[in-house]
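Since the structure comes first, as structure tokens, the remarks are kept for the end.
Derivation of every value follows stated rules applied to the coordinates shown; laboratory data play no part. Since the model is a prediction, treat every value here as computed from it, not as a measurement. Using ideal geometry, Cβ is built from the backbone for each residue, glycine included, and neighbour counts are taken over all protein chains shown.
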Amino acid sequence: MNNPYRSIEAEVLKITTETPSIKTFLLKPKEELTFKPGQFMEFSVPGLGEAPFTPSSDSEIKETMEITIVKVGKVTDEIHKLKPGDTVGLRGPLGKGYHMTRFIGQEVFVIGGGVGLAPIRTLMYDLFHMRDKLVKLVYRGGCRNPEELIFRKELEGWMKRDDIDMILTVDEGDDTWNGPVGLVTSIMDGIDMNYSRVKAVVCGPPIMMKFVTFKLKELGVKDRNIYLSMEKNMSCGFGKCGHCRIGPYYCCTDGPVFTYDMIRDFPGIWD
Amino acid sequence: MPLDKSVLNFYFIAMLFIKRGNLFQLLESLSGDYRVFVPSRKGDSIAFTTFGESEEDYVIGEFRSFEPLKAFYFLGREKVAVDFSPENPRNDKPPCIVGVKSCDLKGLKILDFVFMDEEFGDPTYIKTRTGGLIISADCTKVVETCFCTAMGVNPWPDTEYDINLSETDEGFVVEIGSDKGQKVIDDHTELFQESNKDQIHSKELNRESVKRHIEKNVQKKNIPPVERLKRIVRKNYESDVWSEEAAACVECGACNVICPTCHCFFLYDQRSESSLARYRVWDSCMIKDFARVAGGENPRNRLWMRFRNRFEKKFDYFPVVADEIACTGCGRCIAACPGKIDIRQVLEKLNTPR
């Protein structure tokens, strides 16, 4: 029988320092491990604990996986001490992820914030792979300042593509920044889209997701078309440990991607 | 006189009987294939002990044990993975649990729902649950905290057992609940006999009188009808009842530990010189950090929210996802709470218009 508690052994191939508190880990699992955008992995430092993260790499790359991790607590402190060649554990993929087929024939509006740009990267690769099936692709991203903008080069490369309408903003600019300054909600107006039919995907810190959701509603986007990537305390990742309940759902097995109409009535969704 | 084997073909009609002494012989025999646990008297309570390990005052009937049945299938702290191996580290003999009461069998329905799903089933739970044997028993006594009938549970098992025992003078009327139970009886026919009318009558009388006694408890406590529970928990979402009732809570988590349906746990990794181990450890939703995320956000940062969450989970979440109320009326949480919080009183208050 399958043991859902065991991790698969993986080797750290490369570590990229994105910002003073964010690193990207390129991992090579020793057994086959595939995932879909929006699904998450439990990443463990052997013997020291596990925490849930969504990969940031292209889901079509099968041999390796990238995970971008911000240092916020006990486990992530240990993860940030890792070196290339170290052994880690991966458990997953867990959760449902995005139903990519729902984006076919639609205008897709992606809004990312802060370290939420990491899981969004995986989604964007998939959206680019299926770009000819989308009516429109719009991306609005933001973070606190240019220093904290992860994947900056790659994102600036995407902005030059003609198959995407993309703008990035920062809350506070510096001399390297030529783009707009302000919250991501300030660059969401005036886009030529049929908002009542738009599929919007939001990923970022809870406070950002909350205000982006309210902004989307104001623009006329339907609750059932707002896809939120929820962050809850997910320990087992497969609906048993009880930590991540939202109303009748578990964030891990029923999500972590939920449409707003599924969860809007439950308290504490933004906390 | 030993039982005529042909009687077994009619076991649902012709009930069997086992004398007290023969039951212990049966358990002796089962000790080869199983770890056998029997309830024993410990002061005013009853707790499970390993059969035959020491001289004990075994109690088959009476009332529910101190510890919940989950403790056998889903240990308080249990190794669930070693290194990167897919092997299940648990390989002891399955349990044979004797004298299990009906409230705990109801609890198993919730645990089975949680742990026995196809895709991510818990290997140790499934192994002990499917490999184990349950020899349940009717309640013959009622304690003040018993309220099973309010949760739609009878004080005698009617499902989920392999063999059931109804205590009468000198022994037990036996019922068979599964093929596994029948096999045990087939293998030990010499220990059983046919039950007589008086024994069956005495079993029925006991069932009626115990049920009446519990119903009186339930009435005295004004516990709302079972079909209203989900509604009153939802309706009172913002009620002051939660903070009033949670005021005495010291966040010890005893209600969670003692509850036959509470299943929450956390995973804990440990490294020794030679290996890595992952443990599954019981957790408590009453403790502040239960739902907190690493970034610091906590959807239930107030005690009354965690208290409400416990009721939501039992009376709203499980009825919605599993069509089962996750309270068995065993009353253990009432007995265990150092703040004297009484689930019956909370339900009564929720049902009282303010």
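Taking K and R as +1 and D and E as -1, what net charge do the other residues with C-beta under 14 Å from the C-beta of residue B:304 add up to?
Residues near residue B:304 contribute +1 overall.
Under Stokes-Einstein, with the Kirkwood radius over Cα pairs standing in for Rh, what whole-number D in µm²/s applies to segment B:14-220 at 4 °C and 1.567 mPa s?
The estimated diffusion coefficient comes to 72 µm²/s.
Along the principal axes of its C-alpha atoms, what lengths does chain B span, in descending order and rounded to whole Å?
That works out to 69, 59, 38 Å along the principal axes.
Once you have a ≥ b ≥ c as the square roots of the Cα gyration tensor eigenvalues for segment B:247-310, tell me rounded if a/c is under 1.5, and otherwise prolate or oblate according to whether a/b is larger than b/c.
Oblate, because a/c is 1.5 or more while a/b does not exceed b/c.
Can you sort A:181, B:142 by how many other beta carbons sit within 10 Å, fewest first?
A:181, B:142
Counting only DSSP beta bridges with both residues in chain B, what percent are antiparallel, rounded to the nearest 5?
Taking every DSSP beta bridge within chain B, about 75 percent pair in antiparallel fashion.
When A:159, B:15 are ordered from fewest to most other Cβ atoms inside 10 Å of their Cβ, what list results?
Exposure proxy ranking, most exposed first: A:159, B:15.
At q = 0.09, 0.10, 0.14 Å⁻¹, what log₁₀ I(q)/I(0) does a Debye calculation on the Cα points of chain A give, no solvent, two decimals?
-0.39, -0.49, -1.00
Could you work out how far helix A:117-129 tilts from the main Cα principal axis of chain A, as a 0 to 90 degree angle to the nearest 10?
For helix A:117-129, the angle is close to 70 degrees.
If you project the alpha carbons of segment A:145-218 onto the principal axes, what extent comes out on each, in Å, largest first?
Principal-axis extents of segment A:145-218 (Cα, largest first): 37, 30, 19 Å.
State, as an integer percentage, the relative contact order of segment A:1-47 based on alpha-carbon contacts under 8 Å between residues 6 or more apart.
Relative contact order of segment A:1-47: 32 percent.
Charges on Cβ only, +1 for Lys and Arg, -1 for Asp and Glu, centred on the Cα centroid of segment B:14-220; of B:96, B:155, B:39, which one is farthest towards the dipole's positive end?
B:155
Using only Cα atoms, what is the ratio of the radius of gyration of the protein assembly as shown to 2.2 N^0.38 Å?
For the protein assembly as shown, the normalised Cα radius of gyration comes out at 1.13.
On average, how many beta carbons from a partner chain sit within 10 Å of the beta carbon of a residue in B:266-274?
Averaged over the peptide's residues, the number is 4.
Please give the net charge around residue A:191, taking every other residue with its beta carbon less than 11 angstrom from that of residue A:191, where Lys and Arg add +1 and Asp and Glu add -1.
Net charge around residue A:191: -2.
For residue B:29, what charge total do you get from the other residues with a beta carbon under 11 Å from its beta carbon, if Lys and Arg give +1 and Asp and Glu give -1?
Net charge in that neighbourhood comes out at -4.
Which of the residue pairs B:220/B:314; A:71/B:70; B:19/B:211 have a Cα-Cα distance greater than 29 Å in the structure shown?
A:71/B:70
Shielding of B:321-327 by partners, i.e. mean partner chain Cβ atoms within 10 Å per residue?
Mean partner shielding for this stretch: 1.
Just to confirm my understanding: which cysteines in chain A have no other cysteine beta carbon less than 4.7 Å from their beta carbon?
Cysteines lacking a close Cβ partner in chain A: A:143, A:203, A:252.
Per residue of B:119-128, how many C-beta atoms from partner chains lie within 10 Å of its own C-beta, taken as a mean?
Average per residue, whole number: 4.
How do B:136, B:45, A:44 rank when sorted from fewest to most other Cβ atoms within 10 Å of their own Cβ?
Exposure proxy ranking, most exposed first: B:45, A:44, B:136.
Mind jotting down the distance between the C-alpha centroids of segment B:74-98 and segment B:235-287, whole Å?
Measuring centre to centre over Cα atoms gives 21 Å.
According to the square roots a ≥ b ≥ c of the eigenvalues of the Cα gyration tensor, what is the shape class of segment A:8-93, taking rounded for a/c under 1.5, prolate for a/b larger than b/c otherwise, and oblate for the remainder?
rounded
Mind pulling the per residue volume of the convex hull built on the Cα atoms of segment A:100-229? Å³ is fine.
So the per-residue hull volume is 98 Å³.
Please compute the volume of the convex hull spanned by the alpha-carbon atoms of segment B:226-350 and report it per residue in Å³.
Cα-based convex hull of segment B:226-350, divided per residue, equals 136 Å³.
With 28 Å as the limit, write out which pairs from A:96/B:106; A:199/A:232; B:42/B:180 have Cα-Cα distances beyond it, or answer none.
In this structure, A:96/B:106; B:42/B:180 lie more than 28 Å apart at Cα.
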